[in-house]
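The values are calculated or read from the model by the stated rules, or taken from the named source; none is laboratory data. Just so it is clear, the model here is predicted, and its values are computed rather than measured. Glycine also receives a Cβ, built like all others from the backbone with ideal geometry; neighbour counts cover every protein chain displayed.
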Amino acid sequence: MPSANQTKAPAGPPTKGPIRRFVAAHLGSRQVSRVVYGSIIGLALVVALEAHPPPIRAMIATLVGTAVAVALAELYSELIGFETSGRRDATRVERADLLADMAAVSIGIAFPAVFFVLAAIDVFDEDTAFTISKWTGLALIGAYGYAGARLSGRSVTGSLVRAAGVALIGAFLITLKALVH
């Protein structure tokens, strides 16, 4: 479990409005890492399935099913960790934290399903759903990289370099898939 220094964001400008307060609270939480982790899994799924896409409903089910499976695997592994390393059950507070982590990783993985739902109801086509899913996943990973760098005290330029670096990981995955297929 992270120390108090790792979970609290440095003091910044006052947050006005419910959305700013939510974003500030989220960026100060440990769920950030879980959303990023889930987003990378979701991006990898989208990229892997794009070459031979399943029907749209199957794509939605794959993303949501993977989100549930990974969340349950995380919960199970963490609970086993408490039992084996701590020789005890998780406390109520620890279980609540684990559930928040499960929700965060699930959201990260399942988020691209939104675009496939929109394709299923003919808002746009399947190819567009894949394209939007890939690039929003990449943008999200980069945005978190930028936010993390800024909150840790890096300059705007340093933060942009960090964001570009982490976004390059996703871009590499997308490019590799494009070259192979």
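Tabulated data for the structure shown
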{"read-out": "Tabulated pairs, region 55-77, first at pLDDT 95 or above, second surrounded by fewer than 19 Cβ atoms within 10 Å (Cβ to Cβ) and not in a helix (DSSP H, G or I), C-beta under 9 angstrom, 6+ apart or interchain", "value": "MET59/PRO53; ALA61/PRO54; THR62/PRO54"}
{"read-out": "All positions within region 42-66 that are within 13 Å of the chain's Cα centre (by Cα) and surrounded by fewer than 19 Cβ atoms within 10 Å (Cβ to Cβ)", "value": "ALA44"}
{"read-out": "Residue in region 25-38 that is nearest to the chain's Cα centre (by Cα), counting only those that are assigned to a helix (DSSP H, G or I) and either modelled with pLDDT of 95 or more or hydroxyl-bearing (Ser, Thr, Tyr) (or both)", "value": "TYR37"}
{"read-out": "Count of residues meeting criterion [over 29 Å from ILE60 (Cβ atoms), surrounded by fewer than 18 Cβ atoms within 10 Å (Cβ to Cβ) and of a type in the set (Phe, Trp, Tyr)] in region 129-159", "value": "0"}
{"read-out": "Exclusive hit being more than 21 Å from ILE174 (Cα to Cα), modelled with pLDDT of 95 or more and surrounded by fewer than 12 Cβ atoms within 10 Å (Cβ to Cβ), set VAL123, VAL93", "value": "VAL123"}
{"read-out": "Yes/no for GLY165 being at pLDDT 90 or above and either assigned to a helix (DSSP H, G or I) or buried (at least 21 other Cβ atoms within 10 Å of the Cβ) (or both)", "value": "no"}
{"read-out": "Residues of region 78-108 that turn out to be in contact with an Asp or Glu (Cβ under 7 Å, 6 or more places away or on another chain) and closer than 25 Å to ALA44 by Cβ, as a count", "value": "4"}
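For (1) touching a Cys at 6+ places or on another chain (Cβ under 8 Å); (2) among the β-branched types (Val, Ile, Thr); (3) not in a helix (DSSP H, G or I), each residue gets a yes or a no:
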residue	(1), (2), (3)
ILE40	no, yes, no
ALA44	no, no, no
VAL47	no, yes, no
MET59	no, no, no
VAL64	no, yes, no
VAL68	no, yes, no
GLU74	no, no, no
THR84	no, yes, no
ALA90	no, no, yes
